[in-house]
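Here is the structure we will look at.
The values are calculated or read from the model by the stated rules, or taken from the named source; none is laboratory data. Small disclaimer: the values here were computed from a predicted structure and weren't measured. Cβ atoms come from the backbone with ideal geometry, glycine included; neighbour counts cover every protein chain shown. We work out accessible area using only protein heavy atoms, side chains counted, and drop any ligands, DNA or RNA first. Shrake-Rupley method; radii C 1.70, N 1.55, O 1.52, S 1.80 Å.
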Amino acid sequence: MKTTKKIAVFFGGCSTEYNVSLQSAYSIISSIDAKRYEPVLIGIDRHTGEWFWYRGEIEKIESGCWQSKDLCIPVFPSPDKTIHGFYYMEKSALKTISLDAALPILHGKNGEDGTIQGMLELMGVPIIGCGLLSSSLCMDKALAHRIVEMNGILTARFVTIEKGYEEDTVRKEAMQLGYPVFVKPVRSGSSFGITKASCEEELIPAIEEAFLHDDYVILEETIEGFEVGCAILGTKDPFIGEVDEIELSRGFFDYTEKYTLKTSRIHVPARIPAEQSEKIKNTALRIYQLLRCSCFARVDMFLTPNGDIYFNEVNTIPGFTSHSRFPNMLKAAGLSFEEIVERLLSMEES
């Protein structure tokens, strides 16, 4: 009689956030209750995109040296929904492994943007996390902003530009938004390719940098105030973590700051009145539901000096290390890291 459920945990991926994925996946895998769940570890090569069933020590995932021929078996997604899993070769025989669910811990492109979610849906494997539609929408900053704005929630003014743009036109648009202006790839994570252009001389180099990460770029006005975040866990009856606050001493919360906190601090709970925190939570939940999120996500917003809340973005697969914002917001609300992982995996059963 089957006593454990097979849960595929995806890590790695063809993304600039490959290393972050390894750290997040390790934290989750090391917290899984082996009596209830059997993790099937699926590593994705950062260069070729090949899928491997990794059967070695999980510490090698954390250290980044998980790929070796004796520990990795190539696997291939099966479109046969009666299998709902993978094919693999063993001793010249084609075999299958069926899954009860899959938990993608793949940050950024090719993992957080709906690509892996679409593949899992074709395979007939239940997804623990946001599905194809919400993953795609949330990854596209322009579309997410338009949907949220159409529903009466404040967003920063922005314009979208494509390759082959007219420099004079974008200079005028940036001037209308007002400097400093944020230049962002439309679809990217962990602040890769984002620049805060303080003047016209910095604009075009910032745009070209952003185009290294995506084919579409947005220019976005700067919102006065500070960033706040809200962790949401669940779908039907979501659990909402305490609001956190990012305190910056200079610049903005770029990739380096997110993972080193050299000149910034994260306060959880945020240093704001309780009624303001409640308003942020309600706004975050509304955004989460508008963008069809499920299972878990982190909603980032800005709080202005006069108390207005502006939508920033939704991270559908936020960082999951023990020191990441998402688990720490939930911890502040009473959930341990192990309880978070247990709740995630039990969502497959609900």
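Taking loop as defined by DSSP and a crowding limit of 11 other beta carbons within 10 Å, which trypsin sites (Lys or Arg not before Pro) in the range 145-213 fit? Kindly include the intermediate steps, with their values, before the conclusion.
On the way: sites: ARG146, ARG157, LYS163, ARG171, LYS172, ARG187, LYS196; in loops: ARG157, LYS163, ARG187.
Passing sites in the range 145-213 are LYS163.
Once you've got the GNM for the chain with C-alpha springs shorter than 10 Å, pick whichever of GLY131, GLY225, GLY164 has the biggest mean-square fluctuation.
Highest fluctuation among the options: GLY164.
When the helices in the chain are scored as -39500 (n - 2.57) per DSSP H run of 4 or longer and the sum is shared across all residues, what 222 nm value do you end up with, to the nearest 500 deg cm²/dmol?
Working: 11 runs with 108 residues, N = 350.
Calculated mean residue ellipticity at 222 nm is -9000 deg cm²/dmol.
Can you return the aspartates and glutamates within cross-link range of LYS172? Criterion is Cα-Cα under 12 Å, with same-chain partners fewer than 8 residues away left out.
The qualifying aspartates and glutamates are GLU200.
What percentages make up the Cα-Cα pair-distance distribution of the range 136-215 when the bins are 10 Å wide from 0?
18, 51, 29, 2
Among rounded, prolate and oblate, which fits the chain when a ≥ b ≥ c are the square roots of the eigenvalues of its C-alpha gyration tensor, a/c under 1.5 means rounded, and a/b larger than b/c means prolate?
prolate
I'm checking a number: the convex hull volume of the Cα atoms of the range 176-241, normalised per residue, in Å³. What is it? Display every interim value, and only then the final one.
On the way: hull volume 8.2 nm³, N = 66.
Each residue corresponds to 124 Å³ of Cα convex hull volume.
Mean separation of Cα pairs under 8 Å and 6+ residues apart, divided by the residue count of the range 30-132: what relative contact order is that in percent?
On the way: 140 pairs, mean separation 18.4, N = 103.
Relative contact order of the range 30-132: 18 percent.
GLU121 versus SER336, label points 7 Å from Cα toward the beta carbon: distance in nm?
3.7
Against the longest alpha carbon principal axis of the chain, how many degrees, from 0 to 90 and to the nearest 10, is the axis of helix 18-29 turned?
Helix 18-29 sits roughly 50 degrees off the main axis of the chain.
Please state the relative contact order of the chain as a whole percent: Cα pairs under 8 Å, 6+ residues apart?
Details: 748 pairs, mean separation 58.9, N = 350.
Relative contact order, the chain: 17 percent.
Compute the convex hull volume of the Cα atoms of the range 288-350, divide it by the residue count, and report the result per residue in Å³ as a whole number.
Spelled out: Cα convex hull of the range 288-350, divided by residues, is 112 Å³.
Taking the 0 to 90 degree range and rounding to the nearest ten, how far is the long axis of helix 141-150 tilted relative to the main principal axis of the chain, both from C-alpha atoms?
Value to nearest ten degrees: 70.
Could you give the accessible area per residue of the chain, probe 1.4 Å, as a whole number in Å²?
Numbers: 15920 Å² over 350 residues.
Dividing the accessible area of the chain by its residue count gives 45 Å².
Which percent of the accessible area of the chain is formed by carbon and sulfur heavy atoms (probe 1.4 angstrom)?
On the way: 8030 of 15920 Å².
Carbon plus sulfur share of accessible area: 50 percent.
With the chain treated as a Gaussian network of Cα nodes joined by springs under 10 Å, which of GLU57, GLU112, GLU242 yields the largest mean-square fluctuation?
Taking springs between Cα atoms under 10 Å, the residue moving most is GLU57.
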